[in-house]
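To keep things clear, I will list the structure first and then write my remarks on it.
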Amino acid sequence: MNSPAASSKPRHQIWPWIVGLALAPVIALGGMVWSACHLSRDATALRRQIMAASGGGWHTRVQFTADRTALGAVRGGLSLAKDLPCEAREALAAVRSASIGVYERADTKSSLAGGAVLADADKIMALHGWKRLVGVRESGKTVLIYLPAAAEKATPSRICLAVCDRCELVIVAAEIDADALAQFALRKIDRHEFAGL
Amino acid sequence: MNSIFCTSAFAAAFVWASASASFAAADTSSGYVDFGKIAPSAEGRYVEVDLPQGLIKFAAKLASKQEPQTAEVLGNLKHVRINVVELCDANREEIVGRVRAVRKELESQGWSQLVTVREQPKGDDVQVCAKMRGEEAIEGLVVTVISDQKEVVLVNIVGDIKPEQIATLADRFDIEPLKNIKVAALK
């Protein structure tokens, strides 16, 4: 016979834990899928600003983010492929993460709002800690390239860029291993020189 | 679609692999000149390049094997800024006024005028100024061009530049007025 003190002991509910543990991978997977289908925070800010300055009407054609985990998995998978050119492996090794969006619109008569797009994009990117390195507008095309403002004297490791014209917009934000990229470029030069002999 | 991807690839390659120079937001080098914010017109050509020292070093590293001479020049640079603005009725007065103010400021700060070309009444108006350190080194170069009242070009290169390296710089950055400077004129 149980004493009254023993029966009033709080019961540990195990079901919420089981359900939680079962749902956790699903939620995590959902988060990863959502994140993979969207641009990174900085790239999103740049995209929104440019779209707003250009009057809207844009439709997503391609949009994805490959973070370190995803790229690591791709690298791991490709390591099993024997026929893959080593240049492709080296190039992939130089990219840590990438966020890419391609957008288009049917209204080709719309144009970017003059100089306002540069000023507005600079303002929003400055809030996110970026500084414009290159700004080019010629023949209806605009190219904006940003690097982290805090890394002026360091080798750049992140880049954010936008290329747009009246009907197409491409946004790229990437984290790059500059040393690996330099090694890749130098090896490419070596191979090129060797091939030329 | 292909063309926009090509442009993207070109832009990325330009940043990561091409030439030189530095952001220098708060560059306190005496060779640095603040041109101020030059806003583009509503339409018309506009180019602004403002490269950070980290990127110059990176470019120097890439160039070191194939072009050691270029790598040496790039390795000594701290900042390069290039502005090209097409002029229109809306911005001509402001931007030409800005260029003239920059020239006046350089003159008052003791910069040496290396080249001055004025084709009157229309034509190119070119000035190349250098901030010398002693007789053997240049701390800063400024090129200002008002081209037939249709386009303005402003270039500021900051670093430790030897007079004989100017030709290399002119070639790498394709700065026409610098290509004809005789080294002897600087010494």
Among the residues of the stretch A:4-22, is there at least one that is among the charged types (D, E, K, R) and either at pLDDT 85 or above or at positive phi (or both)?
no
Condition check: part of a helix (DSSP H, G or I), more than 7 Å from chain B (Cβ to nearest Cβ) and in contact with a helix residue (DSSP H, G or I) (Cβ under 8 Å, 6 or more places away or on another chain). Does A:Ala150 satisfy that?
no
How many of the residues in the stretch B:34-72 are more than 25 Å from B:Val84 (Cα to Cα), in a loop (DSSP other than H, G, I, E, B) and at the interface with another protein chain (Cβ under 8 Å from one of its Cβ atoms)?
2
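Residue-wise test of (1) touching a residue at least 60 places away in the same chain (Cβ under 8 Å); (2) among the aliphatic types (A, V, I, L, M).
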{"position": "A:Thr65", "(1), (2)": "no, no"}
{"position": "A:Ser79", "(1), (2)": "no, no"}
{"position": "A:Ala93", "(1), (2)": "yes, yes"}
{"position": "A:Ser99", "(1), (2)": "yes, no"}
Of everything in the stretch A:34-49 that's assigned to a helix (DSSP H, G or I) and at pLDDT below 90, which residue is farthest from A:Leu161 (Cα to Cα)?
A:Trp34
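Between B:Arg45, B:Arg81, B:Arg100, which is buried (at least 20 other Cβ atoms within 10 Å of the Cβ) and either at pLDDT 85 or above or over 19 Å from the mean Cα position of the chain (by Cα) (or both)?
B:Arg81
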Taking the stretch B:57-77 and keeping only residues that are without any contact (Cβ under 8 Å) to a residue 24 or more places away in the chain and within 19 Å of A:Arg187 (Cβ to Cβ), one is left with B:Lys61, B:Ala63, B:Ser64, B:Lys65, B:Gln66, B:Glu67, B:Pro68, B:Ala71
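Out of the stretch B:17-35, which residues are more than 14 Å from the chain's Cα centre (by Cα) and either buried (at least 24 other Cβ atoms within 10 Å of the Cβ) or modelled with pLDDT of 75 or more (or both)?
Within the stretch B:17-35, B:Ser30 is the sole residue that qualifies.
The values are calculated or read from the model by the stated rules, or taken from the named source; none is laboratory data. On a predicted model such as this, the values are computed, not experimentally measured, just so you know. Heads up, the Cβs are rebuilt from the backbone with ideal geometry, glycines too, and the neighbour counts pull from every protein chain shown.
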